[in-house]
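Below is one structure, written out as structure tokens; the observations come after it.
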Amino acid sequence: MQIRKIKNEIEEMLGEELGIMLYAVLRSEEGKIIKFVNIADEEDDTDNTSSDLLIGFTDIIRNKFAVYNEDDEVIKLSSADERKNALYYYDLDELPLEMEKLKEISNTLNIGEIFNFRADSLNQIIALIVVIGNENHNLIMYKRQYPVNLLNRDRYMLTPIPHKNRMKRFDQDILRVDFNYQFFLWNDVVYISDIEKMEKICSFHDIVINEARTSIQKIEEMNILDNVEVLNDELDDITFARKLTRIYKDSKVLGRVSNQAIIEFSMQHHYFKKNPLKLTDSKDKFILDTKRSKETFIKLMNDDLLTSQLTNFDYESLAKNNL
């Protein structure tokens, strides 16, 4: 799917009559909990907080989509590469808790438990979930909150009293909200604009390792490695684990190309003259005995080594769009 399609769908919704709801993700002894946040709007229109928040978050949605090339495809998260300004969608089997909560809110839009200033503290808030929409559509954003976003009352803060032309101490905590987000839910699909921050928010390391182990199982079934267990030694390297995940989720090689063809390719392509892969005496299996050889094997299985039909030049390409 092209980014243009999603952008147009969201832009159409943003042109309708919309409302906004806010949820706080709180750190607690029981783990992460979510509570609805009441937004106070003054009846005399002197302080329409909801309207201001709605404008701020709809503007950031439009601004982020303006950066993307509309002709680009939305990329599977499992196929994430080094492209900049790319939009990804979540396609892994295991869904992080944070993304599950987005779907729960989307399905019910229940107010649920309400943030209570007598029982809850602003310093417990680690994220905000922002719902923009109406009875027909909604877009739900996950936004990380950082300690710098909280101004504690223990800091000596002054606020003006204009009608008296004086300053006085302000003795309440203040939550600063900047208009941003790291991922969002639209039509039951989670889209990610910042992979690095998403990984930190969602404790993504364990999920990637589980997916990488599935790839290792699939590679073992190929019977192309002398010792497949050596791949498990590299799973603590999140970059390596993510590349392993691509083999299972999006490989053009796994299950499509015979072992013999893979081995013959490794003996003929120019890349392997500087990065050779050892073979067993029977010439039917690879021996991965170094970190470099493991990385080379991953490139081979992810089809990262290409040859131009026009110039016959060989290339290493991590970013590939299907034609």
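The values are calculated or read from the model by the stated rules, or taken from the named source; none is laboratory data. All figures in this text were calculated on a predicted structure; none of them were measured in a lab. Cβ placement follows ideal geometry from the backbone for every residue including glycine, while neighbour counts extend to all protein chains displayed. Areas reflect the complete protein model, heavy atoms only, side chains present, ligands, DNA and RNA absent. Shrake-Rupley method; radii C 1.70, N 1.55, O 1.52, S 1.80 Å.
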Note, the range 201-215: 3J(HN,Hα) by Karplus (6.51, -1.76, 1.60, θ = phi - 60°), whole Hz, Gly/Pro = x, goes 5, 9, 6, 6, 4, 5, 5, 5, 4, 4, 5, 5, 5, 5, 4
Apply the a/c threshold of 1.5 to the C-alpha gyration tensor of the range 29-124 and tell me whether it is rounded, prolate or oblate. oblate
Amide H contacts under 5 Å for residue 279, restricted to residues at least 5 apart in sequence or on another chain and with H modeled in the peptide plane, are 287
How large is the dipole of the range 21-114 about the Cα centre if only Lys and Arg carry +1 and Asp and Glu carry -1, each at its Cβ, rounded to the nearest 20 debye? 360 debye
Long-range amide H partners of residue 225, meaning residues 5 or more apart or on another chain whose placed amide H is closer than 5 Å, are 286
Mean accessible area per residue over the range 1-117 (1.4 angstrom probe, all protein chains present, square angstrom) is 57 Å²
Quick one: Karplus J couplings for the range 237-252, per residue in order, coefficients 6.51, -1.76, 1.60, θ = phi - 60°, nearest Hz, x for Gly and Pro? 7, 4, 5, 5, 4, 5, 5, 4, 4, 4, 4, 6, 8, 8, 6, 8
Carbon/sulfur fraction of accessible area - the range 166-281, other protein chains in place, 1.4 Å, %: 43 percent
Give the shape of the range 163-292 as rounded, prolate or oblate, defined through the alpha-carbon gyration tensor: a ≥ b ≥ c are the square roots of its eigenvalues, a/c under 1.5 means rounded, and otherwise the shape is prolate if a/b is larger than b/c and oblate if not. prolate
Which shape class applies to the range 50-103: rounded if a/c is under 1.5, otherwise prolate when a/b exceeds b/c and oblate if not, where a ≥ b ≥ c are the square roots of the Cα gyration tensor eigenvalues? oblate
Coil-residue chymotrypsin sites (Phe, Trp or Tyr not before Pro) of the range 24-127, DSSP, other Cβ within 10 Å capped at 12: 117
Carbon and sulfur atoms account, in whole percent of the 1.4 Å probe accessible area of the range 69-114, for 43 percent
